[in-house]
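Engineer: First the structure, which I've put down as structure tokens, then a few questions once you've had a look.
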Amino acid sequence: MAGAGLRFDVQVVDIDEAALIDSSHRDPTVVVERIAQAKFAAFPVDSDQPLLLTADTLVSCDDAIMGKPQSDQHLRDMLVHMSGQPVTVVTAVCVGSRGEAAKTEIVSTTVVLRELRADEIERYVSTGAGRDKAGGLALQAQAKPFISAVTGCWSNVLGLPVCAATTLLNSVTALEPVAALEYEEQCSVELCGSYDG
């Protein structure tokens, strides 16, 4: 967001994300939207900063949501499952005034992982990099060498789809546009960057 020329403060809200995932809705787009909207609704209304942006990201593979790993063995199992497969990174971004309905945008990026050797998996697990990441994948850092191809918004993989976020911010404020963007299927390489291998 700083790269888009935006000033912001980071605040944290505590919600039970696991309670928002149930067996009847395993579609990651449904789940991430539900969680991002729950985060939005959980923030207090009385604030000197009325504009709020929340987001949530999930990783899925073979129609299974790959949450954050609960142990090193869970991370190993997830990496074996995702090895050589296309992985979908889905983020829901909510923007609006506190206490009002948020506008939401969902961005999906496909990341194809190459076949991973057992020693690579062990080395990666030992770094601890994937313990707090969706799908256990630190794709911007230690897991970047696992990538064979990316289709879609690279900043979505890094953490926040900047094009979608700025488009939403532009749509709910009377300010000058924060970026000259028209978000469609692909992001702006200038603002969001592109996967450089």
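The numbers here are math on the coordinates, done by the rules we state, and not lab data. Just so it is clear, the model here is predicted, and its values are computed rather than measured. As a convention, Cβ positions derive from the backbone with ideal geometry for all residues, glycine included, and neighbour counts pool all protein chains shown.
Engineer: Pop out the ³J(HN,Hα) list for the range 74-81 in order, Karplus 6.51 cos²θ - 1.76 cosθ + 1.60 with θ = phi - 60°, rounded to Hz; leave Gly and Pro as x.
Structural biologist: 4, 5, 4, 4, 5, 5, 4, 4
Engineer: While we're here: Provide the per-residue ³J(HN,Hα) series for the range 28-33, in order, calculated from phi with Karplus coefficients 6.51, -1.76, 1.60 and θ = phi - 60°, each as a whole number of Hz, with x at glycine and proline positions.
Structural biologist: So the Karplus estimates, Gly and Pro as x, are x, 5, 5, 5, 5, 5 Hz.
Engineer: Along each of the three principal axes of the Cα atoms of the range 69-180, give the extent in whole Å, ordering the values from largest to smallest.
Structural biologist: 53, 28, 19
Engineer: Could you check the spin-label model distance between Glu122 and Glu17? Points 7 Å from the Cα along Cα→Cβ, value in nm.
Structural biologist: The modelled label-to-label distance comes out at 3.0 nm.
Engineer: Using a cut-off of 25 Å between alpha-carbon atoms, which lysines can reach Lys39, once sequence neighbours fewer than 8 places away in the same chain are excluded?
Structural biologist: Partners found: Lys68, Lys103, Lys133.
Engineer: If you don't mind, there's one more thing I want to ask. Taking each pair of distinct Cα atoms in the range 42-116 once, what is the resulting Kirkwood hydrodynamic radius in Å?
Structural biologist: Computed over the range 42-116, the radius equals 14.6 Å.
Engineer: If you consider only alpha-carbon coordinates, what radius of gyration and Dmax does the range 1-97 have, in Å?
Structural biologist: Cα-based Rg and Dmax for the range 1-97 come out at 15.8, 48 Å.
Engineer: Tell me, what HN-Hα J-couplings in whole Hz come from the Karplus equation 6.51 cos²θ - 1.76 cosθ + 1.60 at θ = phi - 60° for each residue of the range 118-123, using x for Gly and Pro?
Structural biologist: 4, 5, 5, 4, 4, 4
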